[in-house]
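**Student:** Got a structure here, written out as C-alpha cells. Questions coming.
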Amino acid sequence: MSFRAGHGFDAHRLVAGRPFVLGGVTIPSERGPLGHSDADVLAHALSDAILGACALGDLGRHFPDTDARWKDADSMRLLEACAEMARRAGYELGNVDATVVVEAPRLAPHLDAVRGRLAEVLRIEIDAVSVKAKTSEGMGYTGDGTGIAAYAVATLVRNPT
Ligand code: MG
C-alpha cells in the first residue's frame, strides 16, 4: 500500500450581501465570500488537497473560473467530483484536516454540521473529517475582516492493482 498526502489552500474576499457558505453549510453572517462560484473556501482547499495527493493538478485546472458552467457553482459538487477523480485514479480517501481562518462570524457552533456535510460528500466517516476554526488576532486580511482563508490536508491510500 502506498500512502499519499496532499495540501490545499484557498482565500476569498468577504463582501456584504453574499451568503457565507462553508463546507456546504450556510452560516448566518453579514458578509460572505466573493467569487465566481459560491466561493466556499473550505471546499476549494479540500479539493486541492485531494487533487494534490494524486498529483492531478488543481481545482482551477479542472473547473476554470473563466467557464460559465461554474458560475455560482455549488463547490461541494466540485469537491465530490475531485474525490471521484481520485477514486478513478485508484486512490481511497483516508482522512482530511482543515483550518479556516476568519475573524467573523464565529464558526465553532457550526463545525460539526460542516464536518457532517463533508463526510457525506467525500463518503468517509465523520471521524475522518476534521475542521478547525482560527482567527488571526486582528492581523492581515483574515484579521481585519477583508477575507477568509482555508488550509487543508488530505491523506489517500493507493489501492493495490
Ligand atoms: Mg476559491
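The values are calculated or read from the model by the stated rules, or taken from the named source; none is laboratory data. Keep in mind it's a predicted model, so treat the numbers as computed, not measured. Heads up, the Cβs are rebuilt from the backbone with ideal geometry, glycines too, and the neighbour counts pull from every protein chain shown. Keep in mind that these areas ignore ligands, DNA and RNA; they rest on the heavy atoms of the full protein, side chains included. Shrake-Rupley method; radii C 1.70, N 1.55, O 1.52, S 1.80 Å.
**Student:** Evaluate the following for Asp72: is it on the phi > 0 side of the Ramachandran plot, within 14 Å of the ligand (Cβ to nearest atom) and over 15 Å from the mean Cα position of the chain (by Cα)?
**Tutor:** Numbers: on the phi > 0 side of the Ramachandran plot: yes; within 14 Å of the ligand (Cβ to nearest atom): yes; over 15 Å from the mean Cα position of the chain (by Cα): yes.
Criteria met by Asp72.
**Student:** Here's something else I'd like to know. Would you mind telling me which numbered condition in (1) within 16 Å of the ligand (Cβ to nearest atom); (2) open to solvent by 50 Å² or more (accessible area, probe 1.4 Å); (3) over 22 Å from Arg106 (Cβ atoms) Phe3 fails?
**Tutor:** It is condition (1) that Phe3 fails.
**Student:** Here's something else I'd like to know. So in the range 41-59, with the set limited to residues that are within 9 Å of the ligand (Cβ to nearest atom) and aliphatic (A, V, I, L, M), which one is most open to solvent (accessible area, probe 1.4 Å)?
**Tutor:** Top of the filtered list is Leu59.
**Student:** Could I ask something else about it? Of the conditions (1) open to solvent by less than 80 Å² (accessible area, probe 1.4 Å); (2) within 13 Å of the ligand (Cβ to nearest atom); (3) touching a residue at least 24 places away in the same chain (Cβ under 8 Å); (4) farther than 18 Å from Lys134 by Cβ, Pro64 fails just one. Which one is it?
**Tutor:** (3)
**Student:** I would also like to ask the following. Report whether or not Asp38 is crowded, with 20+ Cβ neighbours inside 10 Å and at pLDDT below 95. Walk me through it before giving the result.
**Tutor:** Working: crowded, with 20+ Cβ neighbours inside 10 Å: yes; at pLDDT below 95: yes.
Yes.
**Student:** So which residues in the range 88-141 are in a helix (DSSP H, G or I), charged (D, E, K, R) and surrounded by 14 or more Cβ atoms within 10 Å (Cβ to Cβ), if there are any at all?
**Tutor:** Keep residues of the range 88-141 that are in a helix (DSSP H, G or I), which gives 88, 108-122, 126-128, 140-141.
Now restrict to residues that are charged (D, E, K, R): 88, 112, 115, 117, 120, 127.
Across the range 88-141, the qualifying residues are Arg115, Arg117, Glu120.
**Student:** Moving on. Identify all residues within the range 13-32 that are within 16 Å of the ligand (Cβ to nearest atom) and within 12 Å of the chain's Cα centre (by Cα); write none if there are none.
**Tutor:** Hits for the range 13-32 are Val21, Leu22, Gly23, Gly24.
**Student:** Still on this structure, please answer the following. For a quick check of your reading of the model, give me the residue pairs whose first member lies in the range 38-54 and is on the phi > 0 side of the Ramachandran plot, whose second is within 10 Å of the ligand (Cβ to nearest atom) and open to solvent by 10 Å² or more (accessible area, probe 1.4 Å), with beta-carbon atoms closer than 7 Å and at least 6 apart or on different chains.
**Tutor:** Close Cβ pairs (under 7 Å, with a partner that is within 10 Å of the ligand (Cβ to nearest atom) and open to solvent by 10 Å² or more (accessible area, probe 1.4 Å)) amount to Ala39/His12.
**Student:** Can you name the condition, by its number, that Tyr151 falls short on among (1) closer than 15 Å to Val41 by Cα; (2) open to solvent by less than 80 Å² (accessible area, probe 1.4 Å)?
**Tutor:** (2)
Conditions (1) hydrophobic (A, V, I, L, M, F, W, C); (2) modelled with pLDDT under 95, marked per residue:
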position	(1), (2)
Gly23	no, no
His44	no, no
Asp48	no, no
Gly60	no, yes
Leu79	yes, no
Ala83	yes, no
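**Student:** What single numbered condition from (1) open to solvent by 30 Å² or more (accessible area, probe 1.4 Å); (2) in contact (Cβ under 8 Å) with a residue 60 or more places away in the chain; (3) within 16 Å of Gly147 (Cβ to Cβ) fails to hold for Phe20?
**Tutor:** The failed condition is (1).
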